[in-house]
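Readers should treat all values here as calculations from the given coordinates under stated rules, not as data from a laboratory. Note that this is a predicted model, so its numbers are computed, not measured. Methodologically, a virtual Cβ is constructed for each residue, glycine included, from the backbone with ideal geometry; neighbour enumeration extends over all protein chains shown.
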Amino acid sequence: MIIYLDGRFVPEEEARVSVFDHGLLYGDGVFEGIRAYNGKIFRLDEHLARLYDSAKAIDLAIPLTKAEMAEVIKETLRQNSLRDAYIRPIVTRGKGDLGLDPLKCAKPTVIVIAVTWGAMYGDLYDNGLRAICVSVRRTPPESMPPNVKSLNYLNNILAKIEANYRGVDEAIFFDTKGHVSEGSGDNIFVVKDGVIITPPTLNNLRGITRMVVLEIAASMGITVLERDLGYFDLYTADEVFVTGTAAEVAPIREIDGRVIGNGKPGPITRQLMAAFRTATQKDGTP
Ligand code: PLP
């Protein structure tokens with residue numbers, strides 16, 4: 001595997017970062033998750049915009065222009081002969097000392113990894129995922145805004161651990177005010193009486209798949225609402241699904257032991273899954 005690291009394409013074994021890198025010491029950095037389908041990069045501009053916004057929000061200057069970053073991403077795919085891939089650009093504060101002051105970090109570290117990637121949830125796209133509402137809360141927007149795709153994913157990992165211990169596939173976060181936030185690595189939607197409802201994006205990541213699904217739903221003439229959701233809305237939904245670059249559109253069939261709808265992926269979810277698949281094959285930056 002060939003990795004981009006600070007201006008060079010190197011074999012994985014040579015892609016080494018200092019133990020004094022603040023990405024490692026403090027989770028001080030940002031990242032993206034991007035997919036390529038059939039040689040084309042899906043929604044590249046939107047992912048680059050979010051990467052640079054995430055960096056700006058934490059006062060981190062990425063030492064490449066967006067156009068240069070786009071070229072690096074394309075070249076990483078070429079170097080690895082990948083057409084269907086998951087791409088992971090990472091920018092850390094760089095090498096500093098053991099103190100947390102970013103002023104000690106002279107130069108950000110820039111990494112791009114690309115790997116082959118298939119359907120993340122296998123046959124669960126046909127059968128639906130089982131999920132629980134976890135006790136750990138998504139970071140409140142008053143502190144580290146969840147809109148920043150930062151290297152601090154510990155809450156998400158704790159949520160995943162909770163789901164693992166309960167033997168289910170996915171974790172659903174609430175925020176500190178008792179509203180549904182999102183999944184451990186994806187956004188959440190419910191369908192009730194033919195209307196799609198998803199939480200606003202103050203307390204979760206502004207998912208690009210979420211945005212694409214909202215566009216698709218609107219083009220199908222389905223009513224979409226962005227409003228706060230609680231336990232009641234989850235437990236009484238006709239359908240629930242999550243969206244993310246890695247997960248794509250994935251149906252949820254059970255939450256905290258309650259069966260959602262008839263326990264099978266619902267008709268609107270299935271329509272959106274199909275339309276999203278079509279979009280991933282059609283759109284994209286060559
Ligand atoms: N929420 C979190 C916490 C995520 O990590 C992700 C993945 O990037 C998403 C939501 C979904 O965002 P996107 O659709 O842009 O991948």
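Find the Cα radius of gyration of segment 121-169, compare it with 2.2 N^0.38 Å by division, and give the number to two decimals. Compactness ratio reported: 1.37. Listed by chain and number, the aspartates and glutamates whose alpha-carbon sits under 13 Å from that of Lys264, ignoring those within fewer than 8 places in the same chain, are Asp123, Asp126, Asp238, Glu239, Glu254.
Once you reduce segment 162-193 and segment 1-80 to the center of their Cα atoms, the two points are 28 Å from each other. Taking trypsin sites (Lys or Arg not before Pro) in DSSP loop conformation with at most 12 other Cβ atoms inside 10 Å as exposed sites, the chain has its longest uninterrupted site-free stretch at 84-176. For the chain, modelled as a GNM whose springs connect Cα atoms under 10 angstrom apart, the maximal fluctuation among Thr198, Thr109, Thr223 occurs at Thr223. With a Förster radius of 35 Å applied to the C-beta separation of Thr65 and Val259, the computed FRET efficiency comes to 0.10. In this structure, the residue pairs whose Cα-Cα separation is over 22 Å, taken from Lys56/Lys149; Lys56/Lys95; Lys107/Lys149; Lys40/Lys95; Lys66/Lys149; Lys40/Lys66, are Lys40/Lys95. For the options Asp84, Asp256, Asp59, a Gaussian network treatment of the chain with springs between C-alpha atoms closer than 10 Å singles out Asp59 as fluctuating the most.
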